[in-house]
Every structure is written in structure tokens, then in C-alpha cells.
Amino acid sequence: MEPIQITPIGALLAVAFVASIAGIIVWMLRVPEQTPATLRIAKAVRLTERANRILVPVIGTALSDRMVALGAQMARARHAAIEVFYVIEVPWTLPLNARLPEAERIAAEEIDRARRIAARFGVHLETRIANTREPGRAIVDEAVATGADIILMSDLPERPGETRFSAATRYVFSHAPCEVIIDRPSFESLAGELPPRRPRAEAAAHGSG
């Protein structure tokens, strides 16, 4: 057997090949750098994975179905309890216990639809309807009272191009005792899906008539 001949060029090629393989292995084993955003996402994932109680607040009819469906799926996967908390906002011009037949009818319909959605996933749904002056505060109080681990809620832009969250959403973000997940689609994507908004004063007049 003839001895192996190693030329300078061959040696350089071998070194380059070994170096490239070593670089790939180091890259594959390297732990990704943690950033504030990745840390927040990781925390949210951990919290949702061990959530034992899910609160889905509903104000009006917009977007609630998607969050109820998401909450029902999470509840089934984690054997968690889920509550739909329907908030009726009472104007300051009326007593807090004022009868608002139209708002109460809509609330009952929303609760009934939420139960049907949860039933599709084989999930028992707890429900509660409450009159309040301040929806955001009522949602936070409910989360505290029931020991919610996560809040799933929707936020509807008031008008095209609106970027700010509603006052209720901002309050929940600032005061919630647990993780909060917000569904905020663009106004344009909701075209044709939402009923026309009735001004609160008109709703109050209708309810007190």
C-alpha cells in the first residue's frame, strides 16, 4: 500500500471542512438570545399551559364568538373551568339597577350562543350577567373574585384607522391580576360582520321606555 500523500492544498481543504462542520454544530447547539419580547411570550405560554380558570368577558356582541371558542378549546385541553361574564354598561343617567330590556335580551342571546359554542367542545360553561358603570373595573373585579388565571377578551376599534384600545381594555390591561389575551382585528376585516352601533344614550332611552 502506497503511503498517503498530503499536499498543502489538501491540508487547507481538510482544515476548512472541519471548521465548517464545527461551526454548524456550534450554531445548532447555541441557545438563542433571550429578549424582553421572547421572555414575555414564554411567560404567557407557561401561564396558559397551567391555566385552571379562564374568564371570557363580553361587552356587547362584537367578536365574542371567537374568544368563547378559543376559551372552550383551552378549557377542554387543560381540564379547566371557563366562565363567560357578560357586562351590561348602565349609563350614569340611570340607576344601576335600572331595567334595560333590550340590553338584557341581547345578553341572554349572547349567553345562549356561548353555551352552544362551548357544547361543541364538550365543555361546561359558567355564566354571569352583571350591570355596571365601568366595564373594565367589573371585569377585573370578576377575575379577582373568581381566581381567574387568564382573561380572553375582544376589543373592537371604534372607527376605521383607530389604533387605541377601548377604555375597558386599557383598564383590564393595567389592573388585571392575571394574564390577558386580546383579540383585536382590523376594522376593515369586520366589514359586514358587525351590527350597527346604537349610541348608549339611545339604548338607555329605549331601555327605560
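Here, each number is a calculation from the coordinates, and none is a lab measurement. Computed from a prediction, not measured in an experiment: that's the story for all the values here. Glycine gets a Cβ as well: all are built from the backbone with ideal geometry, and neighbour counts include every protein chain shown.
Where does each of 139-146, 64-71 land if you order them by average Cβ count within 10 Å, highest first? List each step's numbers first, then the result.
Values: 139-146: 18.4, 64-71: 20.5.
My ranking of the peptides, most packed first, is 64-71, 139-146.
Which whole-Hz couplings ³J(HN,Hα) result when phi for each residue of the stretch 146-152 is put into the Karplus expression 6.51 cos²θ - 1.76 cosθ + 1.60, θ = phi - 60°, listed in order with x for Gly and Pro?
Values, residue by residue: 9, x, 5, 8, 8, 10, 10 Hz.
How much length is gained if the chain between ARG113 and PHE165 is pulled fully straight, taking 0.36 nm per residue apart and subtracting their Cα-Cα distance, in nm to one decimal? Don't skip to the answer; put the middle values down first.
Values: separation 52, 0.36 × 52 = 18.72 nm, distance 2.56 nm.
Taking 0.36 nm per residue and subtracting the Cα distance, the gain is 16.2 nm.
How much net charge surrounds ALA130 when only the other residues with a Cβ under 15 Å from the Cβ of ALA130 are counted, with Lys and Arg +1 and Asp and Glu -1?
On the way: positive: ARG99, ARG128, ARG133, ARG137; negative: GLU83, GLU89, GLU104, GLU110, GLU126, GLU134, ASP141, GLU142.
Surrounding charge for ALA130 is -4.
For a protection proxy built on the mean count of beta-carbon atoms within 10 angstrom, sort 94-106, 172-184 highest first, please. Walk me through the intermediate numbers first.
Numbers: 94-106: 13.7, 172-184: 16.2.
Most protected by this proxy first, the peptides run 172-184, 94-106.
What are the ³J(HN,Hα) values, in whole Hz, obtained from phi via the Karplus relation 6.51 cos²θ - 1.76 cosθ + 1.60 with θ = phi - 60°, for each residue of the stretch 124-139 in sequence order, with x given for Gly and Pro?
Computed from phi, the couplings for the stretch 124-139 are 7, 10, 8, 9, 7, 10, 9, 8, 8, 7, 10, x, x, 5, 5, 5 Hz.
Residue by residue through the stretch 70-87, which ³J(HN,Hα) values in whole Hz follow from phi under the Karplus form 6.51 cos²θ - 1.76 cosθ + 1.60 (θ = phi - 60°), with glycine and proline marked x?
Once θ is set to phi - 60°, the couplings for the stretch 70-87 become 4, x, 5, 5, 5, 5, 5, 5, 10, 6, 9, 7, 9, 10, 9, 10, 8, 10 Hz.
Once amide H atoms are placed 1.01 Å from N in the peptide plane, what residues at a sequence separation of 5 or more from SER154, or on another chain, have their amide H within under 5 Å of its amide H?
So SER154 has HN proximity to ASP183.
What is the extension gain from VAL144 to ALA98, computed as 0.36 nm multiplied by their sequence separation minus the C-alpha to C-alpha distance, in nm to one decimal? Could the numbers behind the result be given before it?
Working: separation 46, 0.36 × 46 = 16.56 nm, distance 2.56 nm.
Separation in residues times 0.36 nm, less the Cα-Cα distance, equals 14.0 nm.
For VAL90, list long-range residues whose amide hydrogen, built 1.01 Å from N in the peptide plane, is under 5 Å from its own amide hydrogen.
THR132, ARG133
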